[in-house]
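One structure is given here, and the rest of the page talks about it.
The values are calculated or read from the model by the stated rules, or taken from the named source; none is laboratory data. Computed from a predicted structure; not experimentally measured. Note that we place each Cβ from the backbone using ideal geometry, even for glycine, and neighbour counts take in every protein chain shown. What goes into the accessible areas is simple: the full protein's heavy atoms, side chains included, and nothing from ligands, DNA or RNA. Shrake-Rupley method; radii C 1.70, N 1.55, O 1.52, S 1.80 Å.
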Amino acid sequence: MPPQVAAQLEHRREPLVAEAQQQVTGRQVGQPDAERVAQPGGQRARLDRVRGRADAADVVHRKAPLLAWPDDTTAAAAEPRRRVQLRLGVDQRAGHGRPGDAGVHEIPAVQTGCRLVGAVGAGLAGLGRLGEVVQRHDVHGSVEGERYQLQPAPLRLEPPGERERVGAVDLRVGDDEPVAVHVGAVHHAGRPARRGAVGRGHHRRLHRRGDDRAGPPVGQLHDVAVAVPAPEVGRAGDPDPVVVQPWRRRGHGPPPVRRSSVRRRRTLTWNSVPRLVSGVTDSTAIRHLPDHDAFLLTGSGFSYAFAVGADGSLRHLHWGGPLGASDVAALLGDDARDFGSNTWSHPRAHTEELVQHGGRRLDETALKVEFADGVRALDLAYAGHRIAGDELAVTLTDRHYPFDAVLSYRVRPDEGVLERRCELVNRGEHPVVVDRAASASWPLPWRPRWEATWLAGMYAAETQVTRRALGPGRLVLESRRGIPGHAAQPWLALDAGAGDTTGEVWSVALAWSGSWRLVGELAFDGRLHVTAGVNDYDLRLPLAPGTSWTTPVVAGVYTAAGHDDLTDRWHRYERRHVAPRPDTIRPVLYNSWEATFFDVRPESQVELARRAAGLGAELFVVDDGWFAGRDDESAGIGDWTPDARRFPDGLAPLAEEVHRLGMRFGVWVEPESVSPDSELFRAHPDWIFQWPTRPRTLARQTHLLALSRPEVRDHLVTALDGLLSSAPIDALKWDLNRPLTEASDGVDASSPWIAQVEGLYEVIDRVRALHPGVWIESCASGGGRADLGIMSRTEWTWPSDNTDALERLAIQHGYLRAHSPHTMMAWVTDSPTYLTKREIPLRFRFHSAMCGLLGIGGNLATWSTDELAGAAEHVTRYKHIRTTVQFGTVRRLDADAPDDVTALSYQAPDGGQLAVFAFAPSVRHLRRTVLLRLRDLDPAAVYVDADTGARHSGALLMHHGLRVPLVGDYASALVVLDRAP
Ligand code: DGJ
């Protein structure tokens with residue numbers, strides 16, 4: 001048992017706020033562990049700090065795309081090669097460029113003995129702004145006369161404050177002498193005529209220093225540079241030769257520490273754009289292999305590799321079992337693009353790190369934008385990378401437009417999880433509209449067949465495990481509702497024939513609480529790639545000049561040990577890197593929704609609270625119906641003040657009574673909605689999503705507040721702060737019962753699909769920062785919002801409104817595939833239950849709910865004395881096993897059991913306790929027991945049945961099985977085994 005958990009168990013009754021203050025709150029997916037603090041705009045600020053750290057350690061890692069002209073490849077391979085880095089400085093003091101500036105550049109090379117093999121062009125193209133070499137010259141023996149002509153992309157010179165720009169070239173060196181390369185000063189040289197398709201605007205010439213030409217300077221590329229002789233490049237398979245070179249330009253100090261560019265719509269300066277070439281690594285998880293221009297990312301049981309291709313594109317190499325650096329060279333030679341057909345997409349999607357819209361790419365793409373001149377094709381090329389700890393950022397720059405896509409990778413080594421996201425940066429002076437922006441493309445290796453597993457469903461039947469063989473074509477899982485929705489979870493697993501304990505499985509999950517899309521595209525030849533991100537349905541995201549937007553994180557997991565191990569990895573990941581208060585025992589909950597529905601009165605709530613406390617509940621939540629005007633669905637949402645008729649003195653007396661009974665107190669809210677019949681709507685009818693000329697769509701008799709508008713967010717923070725300050729409230733159940741429709745907030749033309757979710761995150765973060773002791777449950781008409789994004793901000797979720805204990809088993813079965821049990825609330829309600837009318841005995845209902853976070857949601861006022869006594873026993877028993885259930889390792893045991901039996905086991909983190917559950921709706925064929933083989937025990941250990949005292953060896957439990965009695969209808973069993981000391 002983790003020490004924190006043990007401590008929580010012992011001191012469970014300590015003051016709530018004190019406990020909360022010890023916890024770390026507001027954790028974000030993808031956020032560094034040390035920086036999980038709740039604060040406004042927390043994710044952005046945190047990332048700023050991450051980048052700031054990297055910047056502070058600003059060193060230059062010689063980074064040169066391994067680029068060669070195709071006809072040089074053989075010769076290049078035969079000759080010794082050295083790398084030097086060529087830096088091109090831009091002295092903006094001489095003037096300012098404009099987007100669209102372009103021209104023919106000539107770079108004089110003055111180093112005898114160097115032969116440029118073509119990398120200048122690509123290297124400079126990597127700069128994204130200078131262009132491509134159109135003519136190659138060798139410079140053997142020539143000092144003065146050689147020039148490299150560049151066919152430029154638009155040249156944008158830096159805004160004030162920026163002094164340098166870094167480029168990289170590969171030079172082949174004929175001898176072992178250190179190489180020194182100077183590139184002369186660059187001065188404006190007039191404004192030749194427009195160059196049609198290639199150049200628009202001005203032409204420039206690059207000359208040696210001092211060779212100033214006539215004409216007003218528009219920009220000045222000047223003294224550039226220092227060539228950096230490199231040590232020998234390491235052999236493939238050697239540890240990554242980390243070659244760092246302090247960045248110095250003659251006459252200038254170290255570069256300024258840059259701040260992040262990730263803040264959405266924040267004005268960027270050049271200093272905020274990731275350094276094109278940099279990197280310092282203290283990571284064993286991320287290795288840059290300069291010999292191959294490749295990156296090898298490794299965590300527990302997996303490797304992920306990609307390289308910079310000859311054309312500057314990022315070429316995907318591997319996602320699967322662990323590889324060594326020496327394997328990467330072989331992967332480079334294994335080029336699936338060697339041959340092709342003109343009928344195919346080119347490049348094939350499964351060979352690309354990020355599939356962009358442009359060229360002959362006809363497969364599912366991840367990124368599509370529209371530039372101000374109407375061009376809707378991208379042409380991104382590698383421009384540099386940065387490694388900081390376990391994070392890698394690779395900058396792709398458009399060859400023509402001042403637009404970057406920064407691909408970020410973060411390895412969670414212990415869980416074998418790779419987090420990815422993409423930052424889109426508009427460095428230009430014209431807006432860019434993003435039409436599609438997935439977080440990542442995930443190429444999978446070739447396998448002869450593919451099976452997909454996902455969590456499909458609908459209202460009251462969420463997270464049903466769905467498994468199908470993939471055929472050629474696209475599997476599209478998505479939500480267009482502005483919330484993750486009930487139809488599917490943003491989670492997908494793909495395998496080539498894996499079982500629970502064997503076989504390879506690849507899985508991705510998106511941390512986004514809005515509309516999302518996962519596409520698995522399988523070509524006829526078995527090539528598969530997955531695209532994951534925000535949905536492009538109705539998406540139109542303008543990026544103003546000098547701003548950026550970062551996609552949500554998509555996490556990917558690979559395992560070679562089957563679906564059980566996949567589940568373990570996702571659970572560990574959620575506990576260690578996603579959930580707030582990851583090691584804190586979740587309380588036994590009582591929720592009054594099904595007991596009283598909208599008829600919330602203090603007397604009946606106190607009566608319920610008394611009975612709930614008597615059963616051992618620790619948190620009492622008053623659901624919908626406590627606030628002003630809320631007699632039914634038709635009114636009140638938006639006015640988060642207690643109904644004065646029923647609570648004349650506010651909620652404080654009820655909350656205090658609940659505290660006196662020894663429980664925490666919580667209330668239900670639906671902050672994003674507003675009833676037309678509410679004070680809020682009457683005061684601000686313009687605060688909702690609506691089109692001026694179209695009817696407003698009501699859903700559950702509410703509109704959706706536009707959290708894209710700052711004044712709406714401020715209002716909600718103030719309202720919730722007021723509520724939480726008005727009474728000792730310890731918890732919120734945060735619900736949303738409608739989709740996003742009429743996607744216009746009337747003010748901001750940017751996409752509400754994105755802004756609404758970011759606005760929600762901001763409001764939650766601000767509320768949590770103001771009230772760090774408050775716990776939050778996520779709910780959206782049951783399980784409509786249970787993604788990694790919301791889970792990073794809430795303690796648990798409500799997986800479904802369906803509290804039928806039998807149907808709940810299937811919902812929980814699917815939920816646990818993707819999510820840890822410590823996030824899975826489950827109530828014991830009345831029999832028959834109100835949605836399905838099924839009658840189920842108390843024992844079965846409790847056992848079913850004890851598989852997650854135990855809650856009670858029945859009308860306790862109607863429960864008999866026997867039922868209350870039985871319930872109290874179950875609660876006591878649950879508290880005995882809840883550390884194991886909430887934080888343990890889950891195993892599905894169904895494979896051993898007959899079809900109508902559901903069985904699962906939980907093993908405590910320290911292996912000291914096992915809880916084994918078995919359920920059968922109806923036991924037939926004279927069967928009175930099931931024999932369940934347990935998994936992953938210590939074969940030499942002895943496990944003692946806590947009820948009977950029977951002793952079993954681990955070997956027997958694993959290889960023969962545990963005999964569990966199941967008799968009659970709605971039969972259920974809970975066997976608790978303690979490991980003998
Ligand atoms: C939907 C939730 O799923 C229910 O649990 C309940 O809170 C209702 N909303 C209240 O309106």
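By accessible area, using a 1.4 Å probe on protein heavy atoms only, region 344-483 has 50% of its surface on carbon and sulfur. Surface composition of region 888-980: carbon and sulfur make up 51 percent of the accessible area, probe 1.4 Å.
What is the Rg over Rh value, at two decimals, for region 888-980, using alpha-carbon atoms and the Kirkwood definition of Rh? Don't skip to the answer; put the middle values down first.
On the way: Rg = 12.6 Å, Rh = 13.2 Å.
Rounded to two decimals, Rg over Rh is 0.96.
For region 589-802, the carbon plus sulfur part of the accessible surface works out to 54%, probe radius 1.4 Å.
Determine the sum of side-chain charges near Asp714: Lys and Arg each +1, Asp and Glu each -1, restricted to other residues whose C-beta is under 14 angstrom from that of Asp714. Don't skip to the answer; put the middle values down first.
On the way: positive: Arg709, Arg713, Arg766; negative: Glu711, Asp721, Glu762, Asp765.
With Lys, Arg at +1 and Asp, Glu at -1, the neighbours total -1.
When both region 635-701 and region 402-473 are represented by their alpha-carbon centers, they are found 36 Å apart. Scattering from the C-alpha atoms of region 391-519 alone, worked out with Debye: what is log10 I(q)/I(0) at q = 0.09, 0.14, 0.19, 0.23 1/Å? The Cα Debye sum returns log10 ratios of -0.35, -0.80, -1.22, -1.40. Here Asp910 and Arg540 are evaluated by their C-beta separation; at R0 = 45 Å the FRET efficiency comes out at 0.30. Scan region 477-536 for chymotrypsin sites (Phe, Trp or Tyr not before Pro) in coil per DSSP, keeping those whose Cβ has at most 13 other Cβ atoms within 10 Å, and list them by number. Loop-located and lightly packed - Phe524. Calculation over all alpha carbon pairs of region 589-802 in 10 angstrom steps from 0 returns a P(r) of 9, 35, 38, 15, 3, 0 percent. Ligands, DNA and RNA excluded, the heavy atoms of Thr794 present near 10 Å² of accessible surface to a 1.4 Å solvent probe. With every protein chain in place, what's the accessible area of Glu758 (1.4 Å probe, Å², nearest 10)? Solvent-accessible area, nearest 10 Å²: 40 Å².
Keeping every protein chain present and rolling a 1.4 Å probe, give me the accessible area per residue for region 589-802 in Å². Numbers along the way, then the final one.
Numbers: 6390 Å² over 214 residues.
Heavy-atom SASA per residue in region 589-802 reads 30 Å².
Each residue, Ala469 and Asp714, gets one label point 7 Å from its Cα in the Cβ direction; the gap between the two is 6.0 nm. Given their separation in residues at 0.36 nm each and the Cα-Cα distance between them, Asp945 and Ala560 gain 135.3 nm when the chain is fully extended.
Global dimensions of region 545-616 from alpha-carbon coordinates: Rg and Dmax equal 21.4, 61 Å. Paramagnetic label reach from Glu607 (point 7 Å along Cα→Cβ; backbone nitrogen cut-off under 20 Å): within region 825-857, residues 829-832, 834, 856-857. Other residues within the sphere of radius under 9 Å centred on the Cβ of Asp414, judged by their own Cβ, net out at +2 (K and R +1, D and E -1).
The loop-placed GluC sites (Glu not before Pro) in region 795-874, going by DSSP, that have at most 16 neighbouring Cβ atoms within 10 Å of their Cβ come out as Glu839.
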